[in-house]
Amino acid sequence: MKILVVGGAGYIGSVCTELLLDEGHEVAVFDNLTEGHRRALDSRAQFIEGDLADRSGFEAALAGIRPDAVMHFAASALVGESMENPSKYFRNNVANGLNLLDAMVSTGTERLVFSSTCAIFGPPERVPIDEDLPKRPINPYGESKLAFERILRWYGQIHGLKFVSLRYFNAAGASARFGEDHRVETHLIPNVLKVALGEKSEVEIYGTDYDTPDGTCIRDYIHILDLARAHILALQSSKSEFYNLGTGGGSSVREVIAAAGKVAGKKIKVVEKPRRPGDPPRLIAASDKIKSELGWKPQFQSLETILESAWQWHQEFPRGYGD
Ligand SMILES: NC(=O)c1ccc[n+]([C@@H]2O[C@H](COP(=O)([O-])OP(=O)(O)OC[C@H]3O[C@@H](n4cnc5c(N)ncnc54)[C@H](O)[C@@H]3O)[C@@H](O)[C@H]2O)c1
């Protein structure tokens, strides 16, 4: 198939691009490089530098490429920033997302795979979180993704758009070539590994008094290659659907830090901080639906495997992509 990967210079988009190309698909990447990196572009893919805010520019790109499907990774994705600047989140994740959808409709591009998030659920009333739990986001980031999901449903009904929305839990790890380098890094694993590399002096633990076995928050870490595989399966799906995507297991902040220290063979200095508002104690995915409907099966379940892949990449790119 011919795929347009929007946001393909970012963390998850770069690995999905690589996997698509490895599997013989033809890929073009559209990215404004605000968060993405030139060095994260796979040289086998065509690159179009552009911004979704420029509706006609995006439409021209789409009309030129005529892809069979679009994968939409482009978004603003920092929860904390969304609480300070909600406008940026609704503008980029909803308004610019609408530009993408309208251009798809006007060029007759029928199929979309969308990067959603577990943040649409807010603090869950139970774990694991299945697709039917109430959606009560507690920050503009989650709200913007939920709004886009609702828009998708209507575009499906009215314009016949075929979509799969994948609600990722915590994406982690690396492929042999591409890894995690956010300009503002809020994710635990890269931050712990930066301490192991001496690029950062210590890693913060936000809250040690949660009702969890060791008092720290538990998250569901999914290997980036398993996540990428789900996108390939989503391309072949015959129906429009929403799927939660995680391993169904959870690791606490302390467990991740201890395991990362072991993988890197380094002592990790930690500093304990108070809880951050809006951090639920446990976020774990129920992924039964994507397993049964799309045949998705995670290959890299263990935290150690995820950390080893991330450590390999960070050793090779100690300052990230360096831009
Ligand atoms: N990283 C995670 O754990 C995680 C979890 C849940 C959901 N997600 C979602 O997955 C997607 C990818 O996440 P990521 O971690 O790879 O983020 P990222 O910031 O590394 O990648 C996003 C890419 O989109 C590009 N982009 C953003 N706005 C754009 C615009 N208006 N026009 C063109 N390009 C634009 C950026 O330059 C960047 O390359 C996001 O939609 C995010 O909300 C990520």
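Structure values in brief
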item	result
Coil-residue trypsin sites (Lys or Arg not before Pro) of the range 1-109, DSSP, other Cβ within 10 Å capped at 12	ARG44
Coil-residue GluC sites (Glu not before Pro) of the range 1-84, DSSP, other Cβ within 10 Å capped at 13	GLU23
Lys/Arg +1, Asp/Glu -1 at C-beta; the range 182-323 dipole; positive extreme among PRO281, CYS217, ALA259	ALA259
Cα-based reach from LYS291 at 28 Å (exclusive), listing lysines while leaving out same-chain residues under 8 positions away	LYS2, LYS135, LYS145, LYS162, LYS239
Counting DSSP beta bridges with both ends in the chain, the antiparallel % (nearest 5)	5
DSSP beta bridge pairing in the range 194-306, given as percent antiparallel to the nearest 5	25
Sequence-distant aspartates and glutamates (8 or more away, or on other chains) whose Cα lies within less than 18 Å of LYS194	GLU180, ASP181, GLU185, GLU202, GLU204, GLU255, GLU272, GLU304, GLU308, GLU316, ASP323
GLN236 versus HIS182: modelled label distance in nm, points set 7 Å from Cα along the beta carbon direction	3.2
Carbon and sulfur %, accessible surface of the range 108-261 computed with the full protein complex present, 1.4 Å	47
Gained length - ASP279 relative to LYS162, 0.36 nm times residue gap less alpha-carbon distance	38.8 nm
Under 5 Å, built H, 5+ apart or other chain: amide partners of MET71	LEU4, VAL5, VAL6, VAL113
J(HN,Hα) series, the range 261-269, from Karplus relation 6.51 cos²θ - 1.76 cosθ + 1.60, nearest Hz, glycine and proline x	x, 5, 4, 7, x, 10, 8, 9, 7
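The values are calculated or read from the model by the stated rules, or taken from the named source; none is laboratory data. Bear in mind that the values here come from a model prediction, so they are computed numbers and not experimental data. Note that we place each Cβ from the backbone using ideal geometry, even for glycine, and neighbour counts take in every protein chain shown. These area figures cover heavy atoms from the full protein model, side chains too; ligands, DNA and RNA do not enter into them. Shrake-Rupley method; radii C 1.70, N 1.55, O 1.52, S 1.80 Å.
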